[in-house]
Structures are given as structure tokens and as C-alpha cells.
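The values are calculated or read from the model by the stated rules, or taken from the named source; none is laboratory data. From a predicted model like this one, the values you see are computed outputs, not experimental measurements. Every residue, glycine among them, receives a Cβ derived from its backbone with ideal geometry; neighbour counts consider all protein chains shown. All accessible areas refer to the heavy atoms of the entire protein, side chains included, with ligands and DNA or RNA removed. Shrake-Rupley method; radii C 1.70, N 1.55, O 1.52, S 1.80 Å.
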Amino acid sequence: MSTGFAKPPLKQAENYDIYTESEHGQFAVRGLSRETCIDQIYLNGLHTVLPFWIENSGSRRQSLTVHIDDSKVLDVQQHNANWEAATAQQRASFVKVVHGEAGRMATMICSAETQREFNEAFNQIDGIRRIDLEAGQTAELALLLLPPQSTCQSPTINNGQDEPNGEERSRTDFRFGECSGKVTLRAASGDSLICDVRGRFCRSVLEMEPATSRVYLDDCVVGRTYERTLRVRNASAIALDWTMAVVETTDASALGSTLQVQAADSESDVMGGRLEHGARRQIVVRYTPQAVGEFLCRFAVENANDTGNTRHWVFRARASQRAKPRRVELLSVGDIDFGECTSGMWYRSDVALKNIGDATVAVRFRVEGNLAGLAVRVRDETGAALTGAEDDASNDAGDDAAGGGEGEALESASLGSETVNTTTQASGTADITGAGSSTVGDGSRRTHSHTRAHQAVLLDEVLIKPGAVRTVSLAVMGSSATPSGQFLRQSFTLFCECAAPASGPAAKSVATAPAFVERLTIPCTLNMCTPVVRVTPALLDFGSVDVGTLKTMYLTIENLSPVPATVVCVLESKVINCTRAPIVVPPRQTEAVRVDIYPRRINARYRKQIIVRNIHSRGNDSVVDVRSVHVDQRRMAYHNMFYKTLVSGCEQNFVDFGAVPMHARAVRSIALANLCTRTLTLELAPSDAASIAAYTAVPRAPSAGAV
């Protein structure tokens with residue numbers, strides 16, 4: 001056996017240099033070493049193609065079997081249409097060998113630019129498991145590697161120490177993960193070659209800073225220049241290529257003159273580029289209105305390595321001939337970031353407005369943006385609930401879920417019940433979806449933002465007297481409509497539209513008021529996630545259980561999400577018992593649930609179901625089947641003819657003490673019902689006298705003077 005390098009033919013991939021012989025030298029493989037590492041793989045749901053060659057070194061025809069291990073990561077094709085259609089230049093530069101030895105190890109990188117042109121359908125055709133080679137023949141094959149998309153990559157947290165001026169919030173970076181598989185080539189003569197293939201992959205994530213992804217310029221003056229800065233950031237450990245395109249605008253001729261988008265470090269127009277790990281590209285937006293009116297432009301910033309990672313950025317401005325004095329001042333923070341939120345729970349942020357004018361002002365609230373799966377409500381400081389915008393999908397989350405998180409979470413019961421549904425309140429909803437649709441999420445699960453994703457919803461208004469400060473609470477709640485198990489960044493804008501109230505009976509209606517004096521905009525953003533749990537096993541088979549005997553098995557509840565999940569076990573049974581209290585499962589962890597069975601009578605075919613409900617997403621409920629065979633070898637069923645046990649008025653054989661502190665007592669009562677016509681004498685004997693003691697109630701003595 002020997003391993004070395006051979007001179008490659010012209011216009012062949014660089015890994016052709018790697019030459020590895022089989023154990024007995026009857027055949028050889030080019031392009032693969034005994035240990036091969038494919039580096040810099042993008043986790044985007046697409047296969048990575050690596051060409052390699054098998055050469056028959058013998059003087060006879062050989063038949064080789066191709067065996068792939070059970071990792072479900074690798075596959076081998078004899079004819080890959082994508083690779084066969086590649087040009088000579090693409091084939092020559094497709095593979096870059098970073099490290100190749102004449103021994104056992106080789107590391108290489110496949111061109112991501114070339115693979116973007118590949119058709120994924122051709123990579124999903126069934127592979128081969130056998131190949132025949134004539135004497136001296138060399139066959140070209142394709143090795144396909146697909147990392148598991150369900151792999152949970154633990155992100156690293158950057159505490160923002162390297163952020164400019166320390167103003168940035170903590171950032172999340174996605175690191176490299178690894179997968180591996182094994183390809184075994186075996187000849188009929190017994191000669192073989194085993195190639196271990198390892199892949200290093202990373203999810204490519206493009207982020208926008210600031211995260212609100214919306215810029216509103218109100219009360220602009222014609223002829224003046226207004227400037228805003230945003231940044232494009234690579235939040236992953238692998239380099240990415242990005243592009244920026246206009247998907248909607250009210251005036252295409254204004255691009256480049258009225259609205260200029262340029263790089264901060266040069267005067268060139270910014271429409272894309274390459275970002276290394278952690279790199280940022282600062283973009284300056286300059287707006288110089290030329291006429292009175294409103295201007296809208298929507299950009300799509302797309303990650304070329306993962307088309308599912310697309311960010312939309314909206315620029316809107318309103319221009320007039322002269323500046324107007326402000327009558328309402330925003331005292332709270334300009335941008336609202338609710339942070340990482342869990343669906344089914346409310347998160348609140350306060351907005352303080354001050355009337356700095358000399359007359360009463362009516363302020364109307366309106367939300368606009370990506371409201372898919374979100375319920376938005378506004379509540380004033382007096383405790384009176386204003387109207388809200390609620391997506392119909394949010395009803396699945398349930399108003400009984402409450403909890404905490406980044407931002408202030410509050411129970412839905414405290415927000416009032418008045419809501420405006422965005423799908424039925426036609427007068428308050430306006431669809432402003434433009435050309436093209438946005439796509440967010442990863443390649444395995446994508447959410448397309450069409451009509452429902454971008455809406456404008458009219459809320460109620462408040463009156464602010466001169467010099468007064470009015471505080472309202474903005475609350476949001478996500479539903480199970482958000483992608484399960486992954487964070488989805490959503491952003492919307494709260495508009496505070498101010499006007500002088502009308503006189504007469506319509507004094508409290510902004511709809512009948514004169515033209516608006518001014519408009520305040522508050523960009524809002526949040527990362528919403530719907531927890532997903534997995535319950536195993538799906539069947540609990542207790543087997544044969546004797547009547548009057550306690551038997552225990554366990555369920556495992558695994559949280560597959562980066563946020564805590566709350567589940568509840570629902571069960572109606574006198575024989576089976578498990579905790580009914582809510583169970584909080586930490587992110588990426590598991591919890592064991594004890595299930596006890598205590599048969600009361602003979603039953604050769606006992607069947608029951610336990611429903612494990614995910615309170616965040618009813619679509620993620622799990623059903624566990626319970627089976628057992630109840631026998632009575634000690635004739636315990638004979639007792640059921642004379643008495644029955646009652647716990648809290650229900651007939652059952654279980655007492656749940658719940659959580660009991662060490663060295664503390666917990667008391668529960670059991671009622672014994674006599675089913676006979678005569679007096680019964682029962683003996684109570686606890687199985688563990690050191691921990692459990694049974695007492696009977698002593699009849700209360702009659703009080704003095706009682707007749």
C-alpha cells in the first residue's frame with residue numbers, strides 16, 4: 001500500500017492531486033484521502049459537491065461496492081448533472097486544497113460561488129452503491145455532503161466591548177459545527193479502502209444594525225439634507241457575500257439624486273460586497289427632498305450564501321416647505337427593543353409623551369410593519385385599556401400564559417379585553433405591501449411576508465393637556481404562527497400622530513380633526529421564538545402489573561428551542577398519576593416526568609393517553625399512549641367490593657404531596673367510603689413508617705352546655 005501524488009490532467013480540480021491506493025493496491029482513489037476534511041461549508045440546506053475519481057489499477061475488470069454509513073450525511077453519485085455542466089474554468093478552480101499530505105490527511109474547500117449556480121434537485125437523486133471498472137479505467141464520481149439541518153449550534157455572545165462607544169447591545173455569533181461520515185469501497189477480491197469524511201459547517205447570518213430596519217424622517221424641509229447611518233454585519237464565523245436591491249419605491253427617478261445610498265468610507269454606491277467574520281459595512285443614507293410630499297423606498301439586503309436570510313429595510317420621509325414647531329415631545333427612549341421574546345407571553349414597554357404647547361393635543365396611535373403572528377396593544381397610565389391590533393393567529397397562544405423575559409412581561413389579564421383584529425377591522429387596516437415579498441428564516445423553514453406580514457393598523461387616541469405628561473404602555477405578544485424553535489426578528493413602528501382636537505361633539509375624535517400638526521415615530525423590534533418540545537417515548541408499556549402494586553416509568557421532555565418552554569400534562573385516570581403542575585423546561589435541556597400506575601381491578605387490556613400540552617404552541621402537543629395488563633395475584637380486587645378511597649372528592653388511589661421542604665410536614669386527607677351495609681374495620685399500615693404516618697380523625701367532644 002502506498003499513498004502519494006500524481007500529476008493531474010489539464011483543467012481538472014485541484015484535489016485530483018491527492019492519490020490514495022487501496023489496501024492491496026488493486027484500485028486507487030483520486031481526490032480523497034483516508035481522512036478528508038471539507039471546510040467552510042455553508043449551512044443553508046444545500047448539498048456540497050466534491051468530485052473524486054476511482055481508478056482500476058489491476059489488469060482485470062473489477063466490480064466495487066460503495067457503502068455509506070448510517071450518518072445520513074454522505075452520498076455518492078456516478079453522474080452529477082451540476083458538476084458535468086460546469087465549465088472548464090469552474091472545474092479548475094472549484095476545489096482548493098488547503099492542506100494535503102502524502103499520508104492520511106487532506107483539507108479542502110469547495111467554491112461557494114460555483115455551487116450557487118447548481119440545481120439542488122440534481123443533488124438529491126439517489127446515489128450509487130456499485131460501480132464496474134474495466135482494466136485501467138478511471139471513473140469520475142461526486143461525493144455529496146449535507147450537514148444535518150437540525151444541528152443546534154450554540155452561539156457565542158459578544159458583550160459589546162469592541163463596539164464603538166459601547167453603545168451596541170450584545171451580539172450573537174454563530175460558530176462552526178462538525179459532522180462526519182464514512183465511505184467504504186470494497187472489491188470482490190476483498191481489497192478495500194475506507195475514507196473518513198468530516199465536514200466543518202457554519203450558518204451564514206446577515207444582520208442589520210440598528211435592528212429596527214426602519215427609518216422615518218418626519219417634517220423634512222425641501223432643499224435640506226438629512227443623513228442616517230446603518231450597518232450591515234456578518235454575525236457568523238464564516239465569510240458571506242451580500243447584495244442590496246430596491247424592491248419598492250414611490251419615485252424611481254429620485255434614487256441617486258434625492259436619495260443617495262453610499263459607503264461611509266468611500267463615495268461609491270453600495271449594492272453589495274463580501275464580509276469576513278464579524279466584519280461590518282457602514283452605509284450612509286442621504287435624503288434631500290426636492291418637492292413637498294411623502295417618499296417611500298424599500299430595500300432588500302440578501303445574504304447570497306443563504307437566500308432565506310434576507311433583511312428588508314424601509315426608508316420613509318415627509319417633506320414640507322418650512323419647518324413646523326413641535327407640540328409634543330417624546331420623553332422615553334426613541335427606539336424600543338423588546339429583546340428575545342417567547343410566544344404566548346406579553347412584553348411591555350412604556351412610552352411617555354409631553355405636551356409642550358399651550359393647547360390640548362389629541363394623539364392617535366398607529367402601528368405599521370411586520371405584524372404577522374403578533375398581537376399589539378396600547379394601555380394608558382390610568383389603567384384604562386385602549387384598543388389594540390391583534391393578529392388572528394395569536395389566539396392560539398392563549399391568554400392564560402404569562403411569564404418573564406428581556407423587557408417587561410405582563411399577564412394578558414391586566415391589559416383589558418378590547419382589541420381590533422387586523423383581519424376583520426377593515427376600516428383600521430391598510431395593506432401597504434409593495435412589489436416583491438420578503439423572506440426570513442433559514443433554508444429549512446421560511447416565512448414569506450406577503451399581505452398579512454406588512455400592515456398598518458389604527459389604534460385609539462388620548463388627549464394631553466398643556467404641560468401634561470401622558471404615559472402609555474405598548475405591549476406585544478407572539479403566537480405559534482412564528483417559526484418554531486428559531487428566533488424570528490420582527491420590526492414595526494408605532495406612530496404617535498398629533499393634532500388639535502375638533503370642537504363640539506367630535507372633540508375626542510382625531511378622525512374629524514384638522515390636518516395633523518406632527519407625527520412622532522418609534523421604531524420597535526423583537527426576536528420572537530416559539531418553543532418546541534419533543535416527548536419520548538411515545539408509548540409507555542408497563543407490562544403486567546399486580547393490583548394494589550405501584551409501578552413507575554418516566555417520560556422525557558426535551559426542549560429543542562433556545563428559550564424556556566412550559567408544558568402541562570393532561571390526564572384523566574383513577575389508575576395513572578403524573579404531575580399536573582406546569583413544567584418549565586430550560587433551553588436545550590430535558591426534564592423527566594414520573595408516571596405512576598396503581599391498578600384497582602383486573603383488566604387484561606388497559607389503555608390510556610397522556611397529553612403533553614405546549615402552552616406556547618398547541619400544534620406542538622404530544623400524545624403518549626399508556627398500556628398495561630392488570631392481574632390480581634394477591635386478590636387485592638376483593639377489597640373494592642367493601643370500600644373505596646376518595647381524594648378531594650374523587651375516587652382515586654393516589655395522593656400527591658407536591659414539593660415538600662426537607663424536615664417539614666405535609667398533610668393530605670383521604671376519605672374511606674363504606675360500600676357495605678355493615679360496619680367495617682380497616683387496618684392502615686404505611687409502607688415506609690419513617691416517612692409516612694397515617695392518622696384518623698378524633699370525634700370532637702360536645703361543648704359545655706350542649707344538649
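Observations on the structure shown:
This table checks each residue for (1) more than 30 Å from Val585 (Cα to Cα); (2) open to solvent by less than 60 Å² (accessible area, probe 1.4 Å); (3) among the aliphatic types (A, V, I, L, M); (4) at pLDDT 85 or above.
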| site | (1), (2), (3), (4) |
| --- | --- |
| Ile611 | no, yes, yes, yes |
| His616 | no, yes, no, yes |
| Asp621 | no, yes, no, yes |
| Arg634 | yes, no, no, no |
| Met641 | yes, no, yes, no |
| Lys644 | yes, no, no, no |
| Asn653 | no, yes, no, no |
| Phe657 | no, no, no, no |
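- Meets criteria (over 53 Å from the mean Cα position of the chain (by Cα), in a loop (DSSP other than H, G, I, E, B) and either at pLDDT 85 or above or of a type outside the set (A, V, I, L, M, F, W, C) (or both)) for Ser687: no
- Output for the range 550-579, where each listed residue is closer than 23 Å to Val629 by Cα and either in contact with a Pro (Cβ under 7 Å, 6 or more places away or on another chain) or among the small types (Gly, Ala, Ser) (or both): Ser573, Val575
- Hits in the range 613-656 - residues which are free of Cβ contacts under 8 Å to residues at least 60 places away in the same chain, under 18 Å from Lys574 (Cβ atoms) and either in a strand (DSSP E or B) or in contact with a helix residue (DSSP H, G or I) (Cβ under 7 Å, 6 or more places away or on another chain) (or both): Tyr643, Lys644, Thr645, Leu646, Val647
- Any hit, the range 500-522, residues being at pLDDT 70 or above and under 20 Å from Tyr347 (Cα atoms): yes
- Scanning the range 45-80 for residues that are among the polar types (S, T, N, Q) and surrounded by 23 or more Cβ atoms within 10 Å (Cβ to Cβ) turns up just one, Asn80.
- Hey, His99 surrounded by fewer than 18 Cβ atoms within 10 Å (Cβ to Cβ), within 15 Å of Ile131 (Cβ to Cβ), of a type outside the set (S, T, N, Q) and in contact with a strand residue (DSSP E or B) (Cβ under 8 Å, 6 or more places away or on another chain) or not: no
- Val545 passes every criterion in (1) open to solvent by 20 Å² or more (accessible area, probe 1.4 Å); (2) outside any loop (DSSP other than H, G, I, E, B); (3) out of contact with any Phe, Trp or Tyr (no Cβ under 6 Å at 6 or more places or on another chain) apart from (1).
- Scanning the range 466-487 for residues that are modelled with pLDDT of 80 or more and in a strand (DSSP E or B) gives Val469, Arg470, Thr471, Val472, Ser473, Leu474, Ala475, Val476, Met477, Gly478.
- Looking only at the range 569-612, residues that are of a type outside the set (Phe, Trp, Tyr), in a loop (DSSP other than H, G, I, E, B) and under 19 Å from Phe542 (Cα atoms) come to 11 in all.
- Scan the range 533-542 for residues that are in a strand (DSSP E or B) and either farther than 18 Å from Asn603 by Cα or open to solvent by 30 Å² or more (accessible area, probe 1.4 Å) (or both) and the total you get is 6.
- Residue in the range 20-35 that is crowded, with 21+ Cβ neighbours inside 10 Å, within 30 Å of Ala237 (Cα to Cα), in contact (Cβ under 8 Å) with a residue 60 or more places away in the chain and polar (S, T, N, Q) present: yes
- The set of residues in the range 249-307 that are in contact (Cβ under 8 Å) with a residue 60 or more places away in the chain and on the phi > 0 side of the Ramachandran plot contains only Gly278.
- Considering the range 659-673, and only residues there that are small (Gly, Ala, Ser) and in a loop (DSSP other than H, G, I, E, B), the residue that is modelled with the lowest pLDDT turns out to be Ala659.
- Hey, Ala235 under 12 Å from Arg286 (Cα atoms) and either out of contact with any strand residue (DSSP E or B) (no Cβ under 8 Å at 6 or more places or on another chain) or surrounded by 15 or more Cβ atoms within 10 Å (Cβ to Cβ) (or both) or not: no
- Considering the range 597-609, and only residues there that are open to solvent by less than 80 Å² (accessible area, probe 1.4 Å) and either among the charged types (D, E, K, R) or within 27 Å of the chain's Cα centre (by Cα) (or both), the residue that is modelled with the highest pLDDT turns out to be Lys608.
- In the set (1) modelled with pLDDT of 85 or more; (2) outside any strand (DSSP E or B); (3) of a type outside the set (A, V, I, L, M); (4) more than 28 Å from Leu74 (Cα to Cα), the condition left unmet by Ser204 is number (4).
- Top-ranked residue of the range 146-200 - restricted to ones that are at pLDDT 70 or above and among the hydroxyl-bearing types (Ser, Thr, Tyr), ranked as surrounded by the most Cβ atoms within 10 Å (Cβ to Cβ): Ser192
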